[in-house]
Amino acid sequence: MLQHTNISKDKTLWQGFVMLFFARVIPMAVLFGITWYFSVKLPIADYGTYQLCWLHISLFTVLGSFGLPALLLNKNSLYAFLHHAKTRATVIGGLCIAQAASIIYLLSINSFVTHEALLALIVIIMLQSAALIYEAVYLAQERQSFVLTLNLVYAVVFAGWHYYVVTTGYSLPFLLYGIGVINIIKLIAFIVFLKRGSGSNATDVESKVFYQNWLLLGVNESVGIFSKWIDKLVVFYLVSSADFGYYFNGAYEIPVFGMLISIAGNLLVVSFSKPDATYDGHIKQFKSITSLLSSIVFPLFSFLFFFHRELFTLLFHAKFDNSIPVFLISLMVLPIRITYSAAVLQVKNKSNIILYGSLIDIAVFAVCCVSLYPVGGLLMIPLSLVISTYVQISYYLVQTARIMQRPLLSFFPVPKLLGKLFICFALIGICHYFLPALSVGISMLIGVAITAVMVLTLLFRQFKKERLQEVLN
């Protein structure tokens, strides 16, 4: 019976990962496609302004939800939120204050869009903040299939609207108004189909504990999203809209990587927060997710490193060659982003440690910027971000090992991961070395094919390894 239970849990983790992967990958792929399409079709200044809008939407959507989505992934916290009217009223009041602060800031600094576009921007931020909260509730209730379906429909409509606006005469306010309407429809769908419950095996949480966790998570989420976009905020104040467009395309995080970390985090937090979860189970699932993500990230990192010029030539011709140095530096953060390093800390309510890590991240970034920018100029900004990210994730992993009282290598096998990275890097590097005589299109096609085979091979090996462990256990 114990063996059957363990196998069922592992299958649930894999099924949840696949379901949530497609729920996130489709909108992300659409957004990536729109980014490419707009960068090609729009003048660089208009493209830079468009990305400035999404910079502020991405930033203030998270600030406006103030950590509540992350808190509600825990079924016990969700139970307290749904069953205590006073708790809900307090949370809603806090969110209104967060939204008001965001609006005041946007009104005070607006110099990159018209008043009509700014109004639409504010509405979109409020709608997406609410949608994030509802999506967290659905995930805590393990309703990934609904999230997948809704995100698929949203992505199709979202992409269609962008295409329509560009082909009929581009207008930023008109584009943002339509996005606002689409988000209203999405939020209505979340509200209509919501189940009034926190799922099985949920217990109540004291109000004091709930508020403490929410405050710490809210501050941490705010600091975390600020640290994620801090380099672009700095560049926003330093350069013009056109130059911001160059920087954004170079520092643009290819959506699949951030999405993988987000999915891993959601799954691990939901799994770790179950009443029968143990540290041994945490370690097994942590290693499983890390191995899974590294099997995807390492080959893609190697491909992007060696085929960066072909990629930019094929996608943008010569329009964004100025972005390549920024792209190469920003790429260096990928090898460490192969797990959600704060999962155990979040489940164990160590929000203070998560917050310290985010503050360390910002502090290291600031010190590096101040030290390196006078020497190397704009390129030192993405380098500072890479350095601070490595420091932050290392801090989280060390703290996780301390809390679980396990060696770091027991759940984050550094030697094996380095070996896998070296193999991927060497194989794709050798492949690229023998392709320079071919055309850009042919070289990219061969590179993509080799990378895809490598990813599928690593995933297959990982799946076989886990199935073997299930049988042995």
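The values are calculated or read from the model by the stated rules, or taken from the named source; none is laboratory data. Since we're looking at a predicted model, the values are computed, not measured. Because the Cβ atoms are built from the backbone with ideal geometry, glycine has one as well, and the counts that use them run over all protein chains shown.
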* State yes or no: is T149 surrounded by fewer than 21 Cβ atoms within 10 Å (Cβ to Cβ), polar (S, T, N, Q) and touching a Pro at 6+ places or on another chain (Cβ under 7 Å)? => no
* To do: From F190, F158, F174, grab the single residue that is in contact with an Asp or Glu (Cβ under 8 Å, 6 or more places away or on another chain), assigned to a helix (DSSP H, G or I) and modelled with pLDDT of 90 or more.
  => F190
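Is it true that Q405 is surrounded by fewer than 13 Cβ atoms within 10 Å (Cβ to Cβ), within 30 Å of V347 (Cβ to Cβ) and either over 22 Å from the mean Cα position of the chain (by Cα) or modelled with pLDDT of 85 or more (or both)?
Working: surrounded by fewer than 13 Cβ atoms within 10 Å (Cβ to Cβ): yes; within 30 Å of V347 (Cβ to Cβ): yes; either over 22 Å from the mean Cα position of the chain (by Cα) or modelled with pLDDT of 85 or more (or both): yes.
For Q405, the condition - surrounded by fewer than 13 Cβ atoms within 10 Å (Cβ to Cβ), within 30 Å of V347 (Cβ to Cβ) and either over 22 Å from the mean Cα position of the chain (by Cα) or modelled with pLDDT of 85 or more (or both) - is met.
For region 64-143, please list each of the helices (runs of 4 or more DSSP H) lying entirely inside it that holds at least 2 residues being under 27 Å from L238 (Cα atoms) and among the β-branched types (V, I, T).
Numbers: elements: 68-72, 75-83, 85-109, 115-140.
The qualifying helices (runs of 4 or more DSSP H) are 85-109, 115-140.
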* Asked: Any idea which of (1) surrounded by 20 or more Cβ atoms within 10 Å (Cβ to Cβ); (2) within 28 Å of L418 (Cα to Cα) is the one Y279 doesn't satisfy?
  -> (1)
* To do: Looking at (1) buried (at least 17 other Cβ atoms within 10 Å of the Cβ); (2) at pLDDT below 80, find the lone condition where P299 falls short.
  => (2)
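Any idea which of A89, A45, A117 is closer than 30 Å to Q141 by Cα and of a type in the set (G, A, S)? Please lay out each step first, then the result.
Values: A45 fails: closer than 30 Å to Q141 by Cα; A117 fails: closer than 30 Å to Q141 by Cα.
When all the criteria are applied, what remains is A89.
Can you tell which of F286, F248, F301 is part of a helix (DSSP H, G or I), in the same structural domain as S330 (by TED's automatic domain parsing) and either under 30 Å from L378 (Cα atoms) or polar (S, T, N, Q) (or both)?
On the way: F286 fails: either under 30 Å from L378 (Cα atoms) or polar (S, T, N, Q) (or both); F248 fails: in the same structural domain as S330 (by TED's automatic domain parsing).
Answer to the selection: F301.
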* Asked: Of everything in region 333-368 that's among the polar types (S, T, N, Q) and outside any loop (DSSP other than H, G, I, E, B), which residue is modelled with the lowest pLDDT?
  -> S351
* Asked: Which residue out of S384, S371 is among the small types (G, A, S), in contact (Cβ under 8 Å) with a residue 12 or more places away in the chain, in the same structural domain as F301 (by TED's automatic domain parsing) and part of a helix (DSSP H, G or I)?
  -> S384
* Asked: Given the structure, is A426 among the aliphatic types (A, V, I, L, M), part of a helix (DSSP H, G or I) and either touching a strand residue (DSSP E or B) at 6+ places or on another chain (Cβ under 7 Å) or over 27 Å from V326 (Cβ atoms) (or both)?
  -> no
* Starting from region 92-115, take each residue that is hydroxyl-bearing (S, T, Y) and list its partners that are at pLDDT 85 or above and surrounded by fewer than 17 Cβ atoms within 10 Å (Cβ to Cβ), counting only C-beta distances under 8 angstrom and pairs at least six apart or across chains. => T114/P173
* Check on Q392, in a helix (DSSP H, G or I) and in contact with a Lys or Arg (Cβ under 8 Å, 6 or more places away or on another chain) -> no
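Look through Y246, Y237 and report the one residue that is within 30 Å of F320 (Cβ to Cβ) and without any contact (Cβ under 8 Å) to a residue 12 or more places away in the chain. Even if it seems obvious, please write down each step before you answer.
Numbers: Y246 fails: without any contact (Cβ under 8 Å) to a residue 12 or more places away in the chain.
The conditions single out Y237.
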